[in-house]
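The values are calculated or read from the model by the stated rules, or taken from the named source; none is laboratory data. For clarity, every value in this text was computed on a predicted model and none was experimentally measured. A quick note on method: Cβ atoms are made from the backbone with ideal geometry, for glycine too, and the neighbour counts reach across all protein chains shown. Calculation scope for accessible area: heavy atoms of the full protein, side chains included, ligands and nucleic acids excluded. Shrake-Rupley method; radii C 1.70, N 1.55, O 1.52, S 1.80 Å.
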Amino acid sequence: MGNILVTGGGGFIGSHATLALARGGHQLVVLDNFCNAKPATIATIEKMTGQRITTITGDMRDEQLLADIFTNHKLEAVMHFAGLKAVAESVAQPLDYFSVNVGGSIALLRAMKNHHVKKIIFSSSATVYGAPQQLPLTEKSPLAPINPYGLSKLMVEQVLQNLCASDPTWRVATLRYFNPCGADESGLIGEDPLGIPNNLMPILLKVAGGEMEKLQIYGNDYDTPDGTGVRDYIHVVDLVAAHIKALAYLDKTKDSLSVFNLGCGHGHSVLEMVKTFEEATGRNTPLPRLMAPRRPGDSAAVWTDASHANHILQWRASKNLKDMCVDAWRFYQQSKGK
Ligand code: NAD
Ligand code: UFG
């Protein structure tokens, strides 16, 4: 089992990957500056697995720190989750997004190159497609991000493409996530963003938990079956399972660069999500909500054709919307007040 560097291993998706990799017997080094995560999450994973996880608190743009990490640990591959991910914030503070997401990734890739570590899984996003012209999206759909966050992800994808062209011994998997949510079924780790959330699931949790007054439904006049926005929600445990498959795939593929869309392959509306959440959490009163205007920059519907990842990685999402709601709610309840 090779040693793996997990950047952003304290965050939502990174922590679930850290758990899965530790359970799989890998020795791990986590690099995170904890700007959007809590160090206690790593301690929880150590308790859950009985494994020690080397945790380095620092910024991935720190080239000396990266050089030290690659010198001091015999690493075989990198899972690169670290980054900033709030779309609206990226519009207000584009330089931070390019500095962290692009600059940080380049610093990481340079350190990897210097230390002959050429296997990386990169967290990209469905936002690289922008507003879809045709559904479902496939890996060949046009790439046209409409905000600095999406552009920063596309820029890293292009850097990776150029790097593979310059040296085909690199093995790179670019994974474009659709809408990850849910939590490990233990309820011990989950999505725990610092500050005010802006994604649907963390907001549903806070409204149900009484921390927020109402859910605002951004638009009910879209060209969708019930008028509300449609997204391809994917359980974080399924998403991470695809990373484990992708890591194994990189050992056998002759392709230097592989790109996969990761979603369930179908969409659910906001109203469907609310209904499922109410059922999953056993509420006997409707979740407080109000219809609000469309959120700027939102697309009506986004979902992927999941067949490429299904066929090539022999992976398919196994959990449904109800599982995502049940697991997220369990984590929320268990972590409240901690
Ligand atoms: P997250 O914010 O929970 O995790 C990101 C982690 O990176 C955090 O722990 C944060 O502290 C760390 N980090 C940020 N800047 C850093 C820096 N300069 N140096 C070191 N660590 C730093 O986000 P997440 O939801 O777990 O997302 C993981 C990755 O997946 C991100 O790259 C994100 O852009 C991408 N992604 C997420 C989603 C989603 O909806 N959650 C969708 C598509 C893509
Ligand atoms: N929504 C509401 N009310 C809210 C929050 C969201 O109605 O309070 C709606 C949105 O309008 C949208 C749906 O719920 O129709 C999902 O919205 P999210 O904010 O949860 O997710 P997005 O699809 O906007 O974007 C997310 C991440 C991006 C990521 C993208 C990948 O925020 O970082 O998924 O598809 F890149």
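Can you pull out the residues in the stretch 10-57 that are within 7 Å of ligand 1 (Cβ to nearest atom) and assigned to a loop (DSSP other than H, G, I, E, B)? Working first, answer last.
Start the filter on the stretch 10-57 by keeping residues that are within 7 Å of ligand 1 (Cβ to nearest atom), which leaves 10-14, 31-37.
Across the stretch 10-57, the qualifying residues are GLY10, GLY11, ASN33, PHE34, CYS35, ASN36, ALA37.
Would you mind finding the one in ILE45, ILE53, ILE69, ILE106 that is surrounded by fewer than 24 Cβ atoms within 10 Å (Cβ to Cβ) and touching a residue at least 60 places away in the same chain (Cβ under 8 Å)? Steps first, answer last, please.
On the way: ILE45 fails: surrounded by fewer than 24 Cβ atoms within 10 Å (Cβ to Cβ); ILE53 fails: touching a residue at least 60 places away in the same chain (Cβ under 8 Å); ILE106 fails: touching a residue at least 60 places away in the same chain (Cβ under 8 Å).
After ruling out the rest, the residue left standing is ILE69.
For the stretch 69-91, name all the residues that are among the aliphatic types (A, V, I, L, M) and more than 16 Å from ligand 2 (Cβ to nearest atom). Steps first, answer last, please.
Restricting attention to the stretch 69-91, the residues satisfying the condition of being among the aliphatic types (A, V, I, L, M) are 69, 75, 77-79, 82, 84, 86-88, 91.
Hits for the stretch 69-91 are ILE69, LEU75, ALA77, VAL78, MET79.
Looking at (1) under 30 Å from PHE277 (Cβ atoms); (2) open to solvent by less than 50 Å² (accessible area, probe 1.4 Å); (3) in contact with a Phe, Trp or Tyr (Cβ under 6 Å, 6 or more places away or on another chain), which one does ARG176 not meet, given that it meets all the others?
All conditions are met except number (3).
Name the one entry in ARG316, ARG330 that is over 30 Å from ASP221 (Cα atoms) and buried (at least 18 other Cβ atoms within 10 Å of the Cβ).
Exactly one of ARG316, ARG330 is over 30 Å from ASP221 (Cα atoms) and buried (at least 18 other Cβ atoms within 10 Å of the Cβ), namely ARG330.
Could you pull out the residue among LEU215, LEU239, LEU204 that is modelled with pLDDT of 95 or more and within 19 Å of ALA126 (Cβ to Cβ)? Reasoning before the result, please.
Details: LEU215 fails: within 19 Å of ALA126 (Cβ to Cβ); LEU204 fails: within 19 Å of ALA126 (Cβ to Cβ).
Result of the check over LEU215, LEU239, LEU204: LEU239.
From the list ILE203, ILE196, exactly one residue is within 16 Å of ligand 1 (Cβ to nearest atom), open to solvent by 10 Å² or more (accessible area, probe 1.4 Å), out of contact with any helix residue (DSSP H, G or I) (no Cβ under 6 Å at 6 or more places or on another chain) and part of a loop (DSSP other than H, G, I, E, B). Which is it? Reasoning before the result, please.
Numbers: ILE203 fails: part of a loop (DSSP other than H, G, I, E, B).
Exactly one of ILE203, ILE196 is within 16 Å of ligand 1 (Cβ to nearest atom), open to solvent by 10 Å² or more (accessible area, probe 1.4 Å), out of contact with any helix residue (DSSP H, G or I) (no Cβ under 6 Å at 6 or more places or on another chain) and part of a loop (DSSP other than H, G, I, E, B), namely ILE196.
I'm told THR54 meets every condition in (1) under 24 Å from PHE260 (Cα atoms); (2) polar (S, T, N, Q); (3) in contact with a strand residue (DSSP E or B) (Cβ under 9 Å, 6 or more places away or on another chain) except one. Can you identify the failing condition by its number?
Result: THR54 passes all but (1).
In the stretch 179-194, which residues are under 17 Å from PRO39 (Cβ atoms) and of a type in the set (Gly, Ala, Ser)? Give the steps one after another, and end with the answer.
Taking the stretch 179-194 and keeping what is under 17 Å from PRO39 (Cβ atoms), we get 188-194.
Once the filter is applied, which keeps residues that are under 17 Å from PRO39 (Cβ atoms) and of a type in the set (Gly, Ala, Ser), the stretch 179-194 yields only GLY190.
Restricting the search to the stretch 207-237, which residues are in contact with a Phe, Trp or Tyr (Cβ under 9 Å, 6 or more places away or on another chain) and surrounded by fewer than 16 Cβ atoms within 10 Å (Cβ to Cβ)?
GLY209
Right, ALA22: within 25 Å of CYS181 (Cβ to Cβ), at pLDDT 95 or above and open to solvent by 10 Å² or more (accessible area, probe 1.4 Å) or not?
no
State yes or no: is LEU66 at pLDDT 95 or above, more than 30 Å from ARG294 (Cβ to Cβ) and in contact with a strand residue (DSSP E or B) (Cβ under 6 Å, 6 or more places away or on another chain)? Before you say what the answer is, go through the steps one by one.
On the way: at pLDDT 95 or above: yes; more than 30 Å from ARG294 (Cβ to Cβ): yes; in contact with a strand residue (DSSP E or B) (Cβ under 6 Å, 6 or more places away or on another chain): no.
No.
I'd like to check something: does the stretch 113-121 contain any residue that is farther than 21 Å from TYR249 by Cα, surrounded by fewer than 22 Cβ atoms within 10 Å (Cβ to Cβ) and modelled with pLDDT of 95 or more?
Residues of the stretch 113-121 that are farther than 21 Å from TYR249 by Cα, as a first pass: 114-115.
Filter again for surrounded by fewer than 22 Cβ atoms within 10 Å (Cβ to Cβ), leaving 114-115.
Filter again for modelled with pLDDT of 95 or more, leaving 114-115.
For the stretch 113-121, residues farther than 21 Å from TYR249 by Cα, surrounded by fewer than 22 Cβ atoms within 10 Å (Cβ to Cβ) and modelled with pLDDT of 95 or more: present.
In the stretch 72-93, what count of residues is obtained for those that are out of contact with any Leu (no Cβ under 9 Å at 6 or more places or on another chain) and either near ligand 1 (Cβ under 10 Å from one of its atoms) or open to solvent by less than 50 Å² (accessible area, probe 1.4 Å) (or both)?
So the count comes out to 6.
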